[in-house]
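Below you'll find the structure, written out as structure tokens, and then a few comments.
The values are calculated or read from the model by the stated rules, or taken from the named source; none is laboratory data. Note that the structure is predicted; figures quoted are calculated from it, not measured. Backbone-built Cβ (ideal geometry, glycine too); neighbour counts: all protein chains shown.
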Amino acid sequence: METLRILSWVSPLLALVLGWKYRRFSLLWNYCLLGLIFDTLTYCIRFVWFPGEQVITLGNLFILIELLAFGLFFYRYVFHRNRLFALSVAAVAVIFVVHTLLNALFKFNLTALVVLPIGYIGCCLLGFNAILKEQKIQRLERSFTFWALVAIFIFAAGAFFVYLVLSQIIDNKAQDVKVIWFSIFTCINILRYLLLGIALYQKND
Amino acid sequence: MDNLTVVLVGVLAMLIMAMGIIAFVILYKRRVIENQLEIERINNQVEQDMLKATLLSEETERKRIAAELHDDIGATLASVKLYLYHIKADGAQEERLKSAKDLLDQTIQNVRNISHKLQPTILDQLGLEKALSSYANIWNQSGGVRVNYQPCAAAVVLPKGADLQLYRTIQELVTNIIRHGQAQHIDISMEEQTGSYLLRMLHDGSGMDQASYMSNLRKEGSTGLKNIQNRLRILQADIQHNICLKDKKSEILVKIPRKMP
């Protein structure tokens, strides 16, 4: 369990190293860096500085950063700087902040956790559709956009169900259920950063 | 079903669905790319065929003009020469007759040379190397420019029609070197390489590097260079222009594959 936790914690490193090596400090590289910082902070707060305490507010902050990072990625690579999309992302971010402040300041914003992956899945499907419509002759395995979309799509698709039952898992007293839930989430998390690493290995489209 | 089963089944279902969509995108895009490449290949083929047809019709026309020059004008001039040699003149007339005979000989030779350049019959009869030697001789006889051809150690064997394209390319290159580069000395050589032949042309005129060649090629006009490029495309050959700063000589390298698809 501890090994899986550490693996999940250091999983953004591969993407960061690849981005560093090929000088591709893109938006997703910064997202990976923030992921690593947040995981490190969470680990330090929960296990070193304040053992046993929950760090839910930090989690909510990362959800907001993730929304902005993915939103900006879709804005640039899928919607080709469409203003309406940018406004939609900004509106969703504002709604998320207000909702969190009003309802879920000291607990996970479960509504956002479930709703946002659906949005990411939708945007990824639109991105795949755009790739299929593209007339450019380009091998997909060498496309940054494609791998980034795959990373977000797989993460969103996997995390959607994980988050859907999160409230019940939190209330569940059985420890083994929590362990398996955490293991599944960790695997999806590692997979996300590995795929983002592959994306950062490719040249920017 | 308990929570755990729901999570496991749900996550698995979502991941399988995601993988399915990604696999579909990859396979579909691969198919689209294959189709696009096929279309591109067909377009290239059509373009190549059109180019060949254009050059073929040009060759046919050259042949016709060469035949007219050789068989009609050449024959007429030969008859005129025969008549002139039967005229007996004395005194001042004799000197004029001699000049007329010399001029006629020169004209007959010029007509022959033009005819030969237009339709190198020697190419069909004796092959590329002999034709190139003969071509070099024509320039050497004209005086002024020295063209030296160094044949390949092994016999040059090119596909049918390719030898004529190469011959025409060399003709055009030599003409360009003399006309635009003001060269006085040109060395042409052929050497055999693995799977290809390397044609090397070294001259003392003002040459150009590859970047200038590409830039001139893009300019409006420059028909000669475009013809060279078209012929090289048919031959699937590569051309490289170099300027040797050391001995102030320029070099043109043409790499011709032995087999063409």
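Before moving on, here are some points about what is shown:
- Criterion: more than 14 Å from every other protein chain (Cβ to nearest Cβ) and over 30 Å from A:VAL162 (Cα atoms) - qualifying residue of B:ILE33, B:ILE39, B:ILE65: B:ILE65
- Sole residue being more than 8 Å from every other protein chain (Cβ to nearest Cβ) and either over 30 Å from A:LYS136 (Cα atoms) or of a type in the set (Gly, Ala, Ser) (or both), chosen from B:LEU12, B:LEU8, B:LEU27, B:LEU4: B:LEU12
- In the range B:101-136, residue surrounded by the most Cβ atoms within 10 Å (Cβ to Cβ) [restricted to those that are small (Gly, Ala, Ser) and more than 17 Å from the chain's Cα centre (by Cα)]: B:SER115
- Wholly within the range B:74-162, helices (runs of 4 or more DSSP H) carrying at least 1 residues that are within 28 Å of B:SER189 (Cβ to Cβ) and in contact with a strand residue (DSSP E or B) (Cβ under 7 Å, 6 or more places away or on another chain): B:128-142
- Every condition in (1) at the interface with another protein chain (Cβ under 8 Å from one of its Cβ atoms); (2) more than 15 Å from the chain's Cα centre (by Cα) holds for A:GLY158 except the one numbered (2).
- Checking each residue in the range A:168-187 for being part of a helix (DSSP H, G or I), more than 10 Å from chain B (Cβ to nearest Cβ) and farther than 12 Å from A:MET1 by Cβ picks out only A:ILE170.
- Residue in the range B:172-181 that is touching a helix residue (DSSP H, G or I) at 6+ places or on another chain (Cβ under 6 Å) and either modelled with pLDDT of 85 or more or surrounded by 15 or more Cβ atoms within 10 Å (Cβ to Cβ) (or both) present: yes
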